[in-house]
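The values are calculated or read from the model by the stated rules, or taken from the named source; none is laboratory data. From a predicted model like this one, the values you see are computed outputs, not experimental measurements. Note that we place each Cβ from the backbone using ideal geometry, even for glycine, and neighbour counts take in every protein chain shown.
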Amino acid sequence: MPLPKTHTTSKTLPTRRNTHPQTRAFALALVVVLGLVVIGVSITSRAPQLGTVAAGRLITLANEYRSVDGTPALVENPLLKSAAEAKAHDMAARGYFSHRTPEGNDSWVFLDRAGYVYTVAGENLAVNFTESNTVTDAWVRSPTHRANITNPEFTNIGVGTAQGVYKGREAMYVVQFFARPAAPR
C-alpha cells in the first residue's frame, strides 16, 4: 500500500515517489546507532555510583543523631576537614582501609599534619558505600562508631571522601574525624 504523498514523507522518507535512495545500509546504520545507544545507557546505569556520599550530608546526619541524644551539634572545622580529606585520599591512592597507615602510623598523624591541635579525637571509616544515609546507618548500628558520633566531648567534625580501588574494585573511601580543639596557649 503506497504512502500518501505528504510534505513529511516526500521530504524525509525514501519512497517510490521521490528520489531518496532506499538502501539497506541506511536501515542497518539506524539499527547499529540505536543499538549503541541502548548499550551505552546499559553500561552507564551499571557503573558504580561513587559520588553520592557527601561530606555535608554526613555532618547533617551526625548532628541529627546527636540531637536525639541531646548532645550539642558538631561544628565543621576546616583543619579537621583537611585532615579527613588527606586520610581518605591516602587510603584511596594506596588501596588500604585501616585506622593505621601501611607504615604503622595512627590516624592522628593526619590531624598533626593539618595543624589541628586537639585534646581528644575519634575517627570513623567506611569503604564501599554509595550513599550518605547508608554509611551513617552502618555507623550508628556499630556501638563504637555511634559512640564517636554522639560523644559530647567532641565539638568539631571534618569529613573527607575519595574514590579509589579497594580489593580490585572501584570504591568510595570515607573518613569522619571528631575532636575537641586544645585551648590556645
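Only one of the listed residues (Ala147, Ala171) is part of a strand (DSSP E or B) and either more than 17 Å from the chain's Cα centre (by Cα) or in contact (Cβ under 8 Å) with a residue 60 or more places away in the chain (or both). That residue is Ala171.
The residues listed here are Val135, Val120; of these, the one that is surrounded by 12 or more Cβ atoms within 10 Å (Cβ to Cβ), among the aliphatic types (A, V, I, L, M), modelled with pLDDT of 95 or more and part of a strand (DSSP E or B) is Val120.
Output yes when any residue across the range 75-89 is farther than 28 Å from Pro102 by Cβ and not basic (Lys, Arg), and no when none is. Yes, some residue in the range 75-89 is farther than 28 Å from Pro102 by Cβ and not basic (Lys, Arg).
Here Asp112 qualifies as over 16 Å from the mean Cα position of the chain (by Cα), at negative phi, of a type outside the set (Gly, Ala, Ser) and assigned to a helix (DSSP H, G or I).
When the range 41-88 is filtered for residues that are surrounded by 16 or more Cβ atoms within 10 Å (Cβ to Cβ), at pLDDT 95 or above and more than 21 Å from His145 (Cα to Cα), only Leu79 remains. If only residues of the range 111-124 that are in contact (Cβ under 8 Å) with a residue 40 or more places away in the chain and not β-branched (Val, Ile, Thr) are counted, the one that is farthest from Ala171 (Cα to Cα) is Tyr118. Of all residues in the range 57-90, those that are closer than 20 Å to Thr134 by Cα and either touching a Phe, Trp or Tyr at 6+ places or on another chain (Cβ under 6 Å) or without any contact (Cβ under 8 Å) to a residue 40 or more places away in the chain (or both) total 7.
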